[in-house]
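Working notes for the structure below.
None of the figures in this text is laboratory data; all of them are computed from the coordinates on show. Because the structure is a prediction, the values reported are computed rather than measured. Here the Cβ positions follow ideal geometry from the backbone for every residue, glycine too, while neighbour counts run over all protein chains shown.
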Amino acid sequence: MGKLNSVAELVDFQQRVKRELQEVKQKRIIITVGTGTCGLAAGAGETLEQIRIELEKRNIDAMINRVGCIGICVREPLVDVQLPGQPRITYANVKPPMVARIIDEHILAGQPVQEWVLGVVPEEW
Amino acid sequence: MNGENSGMDNNTTMFLGANALPRYTDLPFYSKQYRIALKNCGIINPERIEEYIARDGYRALAHALTEMTPDEVIGVMKDSKLRGRGGAGFTTGIKWEFARRSPQRPKYVICNADEGDPGAFMDRSILEGDPHSVIEGMAIAAYAIGSEEGYIYCRAEYPLAIEHLKIAIQQAQELGLLGEHILGTDFNFRLFIKEGAGAFVCGEETALMASIEGRRGEPRPRPPFPAVSGLWNKPSNVNNVKSYAMTPQIILNGAEWFASIGAERSPGTAIFALTGRINNTGLIEIPMGTTLREIIFDIGGGVPGGKQFKAVQTGGPLGGCLPAEALDTPVDFDSLVKAGATMGSGGMIVVDEDTCMVEFAKYFLTFASAESCGKCVPCRIGGRRLLEILTRISNGEGKPEDLDEIEYISRNMKEASLCALGQLTPGPVMASLRFFRAEYEAHIYDKKCPAKVCKGLITYSIIPEKCTGCMVCARNCPSGAITGEKGKVHVIDPEICERCGICVEVCKFDAIMVE
């Protein structure tokens, strides 16, 4: 990627990456894990590893995204599941044994595991 | 919160199902928040500059560089009335103006990320979750004051923050958003990270700059202020992480927008790390003027375990505590000071009825006096003397004249110390003495600790009527102070008892009494 040599180039670049991110959201399953220090301290590293294992077992192609702290540290590890074109839904206190059920019910059957849901990330955020 | 969805039909489609779930903005934790500096935290991948740029990242810098003169940038910052989020609350725009007017070259832009308060993690979370917002804010500041070089002073105990910053700086350089001729303009800005070794005093700006220079982290008297003579005796602008993170949003949305949020004399938002005896431990951003009650009970979810709220400490080890009567205080720079605490950098520690306020003050005093750099006498010796008095009181050896002595030493530290560390070290003691004087007096005159915490003033005993002789306490007592036969009432020997409280925790019959 080259340098942006003007404001116009920055704006073009912004439009392009925005479009690309939109396309990813339309096409792919995105799993987002909060891996700030608070998340990692609560065990997000182990949860993330379990997500990789369970996805591989089921041969599911999903994008794993890592983000910082969204604020509600007490509910870490936080894991968001976003199906193509669907809202981003956050699960709270996700420990490794919970991962398989989230994948089976939410990703494979399309039904969020309601009892573990913290909330839906607002589109405007 | 999931109870609301319990009546939902399991056969509804995924789309309807998601609609029935609460949105973040419906949750009590988030409904009163207003995210400016935390806008991207937890939303974007901080290791990908593309995600920051997709959300208008670096557009504020682009706008400032091409559409605004440095004086106009400073004008916007002044009109926004942003006050420095490090704690002192000095108007950021005016600080920038001082640095701009300093004739010497080169000039430096410095970010104070030496967050050292126990229980504070605001700056760490921003640097980890959205490092580019801080980088962009620093670049805008550099353009405004006429600087081409910046330093982020971040403590080495924040390895993830430093890693994300390094990645972010690298990516910004690759896109030409840092370096020479940024976005094709004549503006150059290079940014470096200086890892601090974790000395609390290095959060003081003159000590921080001494540390960057490779000298011992000790403060020096001001004036001259950094804007005139800072890093390597050159004009320097030092702001906190949160102030820089808010800067791009102010440039993008305008001074009026920012000034319209929050309180009249403290516009914008305040960021707090909520910790201690509170249900929703976390990081929050609220409009200034939100009351402590709303923060602690609505957003924070109150005190766990049905316990009574006792006090809240703001401003960290250099701040002060406020009692329940002060819960309706609006959170802004002036109201908190008026109430007897300080805004500080954003730590907020809640304590409940089980906390002894003498012990609580002693904890912060232990921290602050250990972190005294030792350069000036009032801080070095005053802190030590205060700690000796508080230790004496909590051991049950307090003397009636001790309270006057505390006030006398505190006054002298406040007036004569070289920097804010020494001036504010007595803060927690003075605040707790002001609001919880009766608790100090109980320790001194009655030799009692009302919260039953201070080990020198409490005894453990077994209530014979409740004891079943199950032997659990005797087996768990680490000092072997509990004796008794199976099925018979046990006894604690107060001479051997270490007052650790393990017996209270393990007894299933509430048979241990603490007096």
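Key figures for this structure:
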{"read-out": "Dimensionless Rg/Rh of region B:67-117 - Kirkwood Rh, Rg from C-alpha atoms", "value": "1.02"}
{"read-out": "FRET efficiency for B:Glu180 and B:Ile261, using Cβ-Cβ distance with R0 set to 41 Å, rounded to 0.05", "value": "0.65"}
{"read-out": "Region A:29-121, relative contact order in percent, only Cα pairs under 8 angstrom and at least six apart counted", "value": "33 percent"}
{"read-out": "Exercise: per-residue mean of other protein chain Cβ atoms within 10 Å, B:445-454", "value": "0"}
{"read-out": "Computed Rg/Rh of region B:441-514, alpha carbon atoms with Kirkwood Rh", "value": "1.01"}
{"read-out": "Per-residue HN-Hα couplings for region B:209-217 [Karplus 6.51, -1.76, 1.60; θ = phi - 60°; Hz; x = Gly/Pro]", "value": "5, 4, 5, 4, 5, x, 8, 5, x"}
{"read-out": "Shielding by partners, peptide B:21-31 (average Cβ within 10 angstrom, other chains)", "value": "5"}
{"read-out": "Sequence-distant residues sharing a close amide H with B:Thr91 (under 5 Å, placed H)", "value": "B:Gly84"}
{"read-out": "Mean ellipticity per residue at 222 nm, deg cm²/dmol - from DSSP H runs of n ≥ 4 across chain B, formula -39500 (n - 2.57)", "value": "-11000 deg cm²/dmol"}
{"read-out": "Nearest 10 degrees, 0 to 90: helix B:357-371 Cα axis against chain B principal axis", "value": "50 degrees"}
{"read-out": "Region B:330-427 shape via C-alpha gyration tensor axes, a/c threshold 1.5", "value": "oblate"}
{"read-out": "Equivalent ellipsoid dimensions for region B:104-262 as semi-axes, Å, which come from the Cα gyration tensor, largest first", "value": "23, 19, 17"}
{"read-out": "Cα point-scatterer Debye curve for chain B, base-10 log of I(q)/I(0) at q = 0.08, 0.11 Å⁻¹", "value": "-0.59, -0.99"}
{"read-out": "Long-range amide H partners of A:Gly119 with built H, under 5 Å", "value": "A:Thr90"}
{"read-out": "Burial order of peptide ranges B:412-423, A:22-33, B:176-187 (average beta-carbon count within 10 Å, highest first)", "value": "B:412-423, B:176-187, A:22-33"}
{"read-out": "Averaged over B:44-53, number of beta-carbon atoms from partner chains that fall within 10 Å", "value": "5"}
{"read-out": "Highest-first arrangement of A:65-78, A:93-106, B:120-133, where packing means the average Cβ count within 10 Å", "value": "B:120-133, A:65-78, A:93-106"}
{"read-out": "Protection proxy ranking of B:253-265, B:54-66, B:311-323 - average other beta-carbon atoms within 10 Å, highest first", "value": "B:311-323, B:54-66, B:253-265"}
{"read-out": "Choice from A:Ala92, A:Ala42, A:Ala109 showing the highest fluctuation, given a GNM over chain A with Cα pairs closer than 10 Å", "value": "A:Ala109"}
{"read-out": "Table column - 3J(HN,Hα) (Hz), region B:241-250, Karplus curve with 6.51, -1.76, 1.60, x for Gly and Pro", "value": "3, 5, 5, 5, 5, 7, 4, x, 5, 5"}
{"read-out": "Above-threshold pairs, the threshold being 24 Å between Cα atoms, out of B:Lys39/B:Lys166; B:Lys362/B:Lys414; B:Lys455/B:Lys486; B:Lys310/B:Lys466", "value": "B:Lys455/B:Lys486; B:Lys310/B:Lys466"}
{"read-out": "For B:Ile193, distant residues with modelled amide H under 5 Å away", "value": "B:Ile152"}
{"read-out": "Gain on full stretching of the segment that runs from B:Glu465 to B:Leu327 - 0.36 nm per residue minus C-alpha separation", "value": "45.6 nm"}
{"read-out": "B:Asp334 versus A:Glu123: modelled label distance in nm, points set 7 Å from Cα along the beta carbon direction", "value": "4.2 nm"}
{"read-out": "Unmatched cysteines, chain A - criterion: no other Cβ of a Cys under 4.7 angstrom", "value": "A:Cys69"}
{"read-out": "Estimated inter-spin distance, B:Glu353 and A:Ile60, nm [label 7 Å along Cα→Cβ]", "value": "4.7 nm"}
{"read-out": "Chain B, relative contact order in percent, only Cα pairs under 8 angstrom and at least six apart counted", "value": "13 percent"}
{"read-out": "Kirkwood-Stokes translational diffusion coefficient of region A:29-121, alpha-carbon pairs, 20 °C, 1.002 mPa s, µm²/s", "value": "168 µm²/s"}
{"read-out": "Lysines with Cα under 16 Å of B:Lys107, excluding same-chain neighbours fewer than 8 positions away", "value": "B:Lys95, B:Lys234"}
{"read-out": "Evaluated over the protein assembly as shown, the Cα radius of gyration and Dmax, each in Å", "value": "27.0, 87"}
